[in-house]
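Following: one structure in structure tokens, then a few remarks.
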Amino acid sequence: MQRHRVHRPGRQPPVSEPGITQRVVEPRTNAAVASDRPQAGAEGRQFLTGLRGHVRAGDASIRALALAECPGLESLDLSDCSPGLYLQIELPAGLRQLRLPQDAPGAIIQIQLPAAFRPVQPIVIEGALADVGLEAPWMVHPFHLDAAKDRSPFQGLLLGPALHGPVDAAISTQLVLGRARAAETLDLDACGLERLVLLGSMARRIRLSNARLHSLQAIECPRLERVEGEFASDHAAFDVCRRLDTVEGRGERLAISCSGRRQLRIHGRWDRIELSYSDVQRVELSSGTRLELISLPAVREVQCPEPFELGIDGSMRASDHLAVLLDEPPGRLGDLVERECDRFRHGHSLPGHWLRLMSGGIRVGDELPRAMGLLKELARRKSDREAAWRVRCHLNALHRDPDIDTDDSTVAFRSGSAAWCWFDGAPEHHGLWLDDLALYFRCREERVTARFTRTLARLDRLIHAEVLALALTGQRKAGFDRAACLNWLAQCLQRIDGARELRHMNRLAAIHRHWRPVRHDHDRRLTERLRRLIHALGELEAPGLLAAMVEPILSTGSAAIALRAGIDLLRVERETGLRVISRGLSLDGEVPAGLRAAALRELLTIEERNERTGDPTQ
């Protein structure tokens, strides 16, 4: 073996010693491999060029090297260099072995592969490695293999075609570059390996044996269809394998991205499966798992004999996917709902999971209204009304209680069919409430709506009165039964407890404001809701409805709320407004001086008007 000393600018070339061949390596400044990653330790690097045969070079002072234009180099020993060596290398075609320092923190190497990289035997890289980067003209993106954040540097790397047997015990990682061999089936014995990476393999099938891996990756393997074997891997990832349709094995996490198949079969036991960025329509699982879907717009079916969990990213709308699944021919929706209720009970219904995702989560404010609009449209067809109502009841039950017992589908149905509540009564979702009421009117001749009909006859919340008033006065009032809504509204106004409404608003605000409610702010919010309701009731011109507002207002126990509402009532119905102001002035509680003055001014104005008109009744 030849021993080469790296030449440093500014030093004289060494003198040859007897029996040792030495060559001065002239410094170069253009051998660096382009990389957009941080090049730790690259500053002040030395350059090696023109090396041949078996070479040993460097010492502990060398922290950065660049190797280029060494077509005759067969092996290179840099084990005497600094343990944190940074190495840039234009890979020689004949290189078979590269030795690096054995100690932490591990070497960082950037390898530029030739355009025609077809070695017969793999290249053995020995030593501690912190990061390995590969670039080649035929790669879509540069590839990097680094040590896990919570693990020490990995020891040894095999780079090139696959071996027919197990690798040496000193090698923890094998990186198979498939352009070196294009077999139909690639059999790999992964005994002793921690990591296995297949990059650009042209094989159709990969069979793994003796594999107990920390990480398995297959990247840009255009012909790969199946990954087989009783292998285990903590983490497995298959990226841009367009023909991949079957994966076996087991482990903690499996990720498949950019698959071009319409169907994926995962015949193994994985704790978590992530599918992303593909047009897959059907997913077949052999065991329960946590399934994460990321940008899968076409997925329509997930088959699994065991319960599974489902999660989606922000690019996917559960309501859109539910709409596709519910798009059955007229009269067939009932069969679908009946079938999926049984699967929902056992935890492996895809529509059931869409319902869960719509009923809660960060996008629930958008998903629920879209879902309700969908159900309302489905209910145009008489044959599908019962099924649409059943879906609505399940959606409502899950929205109010995500942990509701779904082992018995009748539990969720009974809970949802008896409740009229969305977002805990928040008024900003009036559209959802109105669509729900419109859905009921389309389905009310069905027996399944009987419990909800009884609920409507017992309404007692301010939000209920607001929605009924909007149904009677809004632009969509043609879709509601006026007589029924007027009757429910009148009964609801008589039952509203103002003190409960105020406590409810305080409780919600306490949650939203980290348990620091500001009472007067909630007084104003309740006053605004009362003002909108008073205005809507005034438009109805229905005798007695405004008079029924007196007790809900006064039962708040707040003089400020009563005075503000009384002033609003004066604009619509004078007698009712006077009653509320008069009784509000006698209530305890802090009242802003300006508000009290305004209320008294209204009373004096009316008194003066009565004196002028000679009306002694006021």
Study note, to complete from the structure: Probe 1.4 Å, heavy atoms of protein chains only: per residue, the accessible area of the chain in Å² is 46 Å²
Point to revise | Placed amide H near D187: partners under 5 Å, 5+ positions off or other chain | key: R207
**Study point:** Residue-by-residue Karplus 3J(HN,Hα) for segment 370-382, coefficients 6.51, -1.76, 1.60, Hz, glycine and proline x
**Key:** 5, 5, 5, x, 4, 5, 4, 5, 4, 6, 5, 8, 4
Check your understanding: When the Cα centres of segment 186-208 and segment 70-125 are compared, how far apart do they sit, in Å?
Key -> 22 Å
Review point. Which net charge results when you count Lys and Arg as +1 and Asp and Glu as -1 among the other residues whose beta-carbon is under 15 Å from that of L378?
Key: -1
Point to revise | Residues whose placed amide H lies under 5 Å from that of Q102, excluding near-sequence neighbours | key: A128
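Please report the antiparallel percentage of DSSP beta bridges with both residues in the chain, rounded to the nearest 5.
Within the chain, antiparallel bridges account for around 10 percent of the total.
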Point to revise | Net +/- balance of residues flanking G165 in space, Cβ distance below 12 Å, scoring K and R +1, D and E -1 | key: -3
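Can you send over the carbon and sulfur percentage of the accessible area for the chain, probe radius 1.4 Å, protein chains only? Show your work: numbers first, answer last.
Details: 13720 of 28400 Å².
After summing per-atom areas, the C and S share lands at 48 percent.
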Study note, to complete from the structure: In whole Hz, the Karplus estimates of ³J(HN,Hα) for segment 288-300 (6.51, -1.76, 1.60; θ = phi - 60°; x where Gly or Pro) are x, 6, 9, 9, 10, 10, 10, 6, 10, x, 9, 4, 10
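Let a ≥ b ≥ c be the square roots of the eigenvalues of the Cα gyration tensor of segment 179-279; is it rounded (a/c under 1.5), or, if not, prolate (a/b larger than b/c) or oblate?
oblate
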Review point. Using the Karplus equation 6.51 cos²θ - 1.76 cosθ + 1.60 (θ = phi - 60°), what ³J(HN,Hα) coupling, rounded to whole Hz, does each residue of segment 449-459 give in order, writing x for Gly and Pro?
Key: 8, 4, 5, 5, 4, 5, 5, 4, 7, 10, 5
Review point. Tally Lys/Arg at +1 and Asp/Glu at -1 over every other residue whose Cβ is under 10 Å from the Cβ of G84; what's the total?
Key: 0
Point to revise | Residues with amide H under 5 Å from that of A218, placed H, sequence gap 5 or more | key: L198, A237, F238, D239
Review point. In percent, what relative contact order does the chain have, based on Cα pairs under 8 Å that are 6 or more apart in sequence?
Key: 4 percent
Review point. Dipole magnitude of segment 248-405 about its Cα centre, charges +1 at Lys/Arg Cβ and -1 at Asp/Glu Cβ only, in debye to the nearest 20?
Key: 340 debye
Review point. Stretch R583-E309 to full length: gain in nm at 0.36 nm per residue minus the Cα-Cα span?
Key: 93.0 nm
Review point. D for the chain, whole µm²/s, Stokes-Einstein with Kirkwood Rh over alpha-carbon pairs at 25 °C and 0.890 mPa s: what number?
Key: 80 µm²/s
Point to revise | FRET efficiency, T453 to R476 (Cβ-Cβ, R0 35 Å, nearest 0.05) | key: 0.95
Check your understanding: Per residue of the chain, what 222 nm ellipticity follows from adding -39500 (n - 2.57) for every DSSP H run with n ≥ 4, rounded to the nearest 500?
Key -> -10500 deg cm²/dmol
Revision key, fill the gap. Burial-style ranking of 211-220, 499-508, average other-beta-carbon count within 10 Å with highest first, yields 211-220, 499-508
Point to revise | segment 117-171: C-alpha gyration tensor shape, a/c 1.5 cut-off, then a/b vs b/c | key: oblate
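The values are calculated or read from the model by the stated rules, or taken from the named source; none is laboratory data. Since this is a predicted model, take the numbers as computed values, not measurements. Counting neighbours? That spans all protein chains shown, and the Cβs are built from the backbone with ideal geometry, glycine included. These area figures cover heavy atoms from the full protein model, side chains too; ligands, DNA and RNA do not enter into them. Shrake-Rupley method; radii C 1.70, N 1.55, O 1.52, S 1.80 Å.
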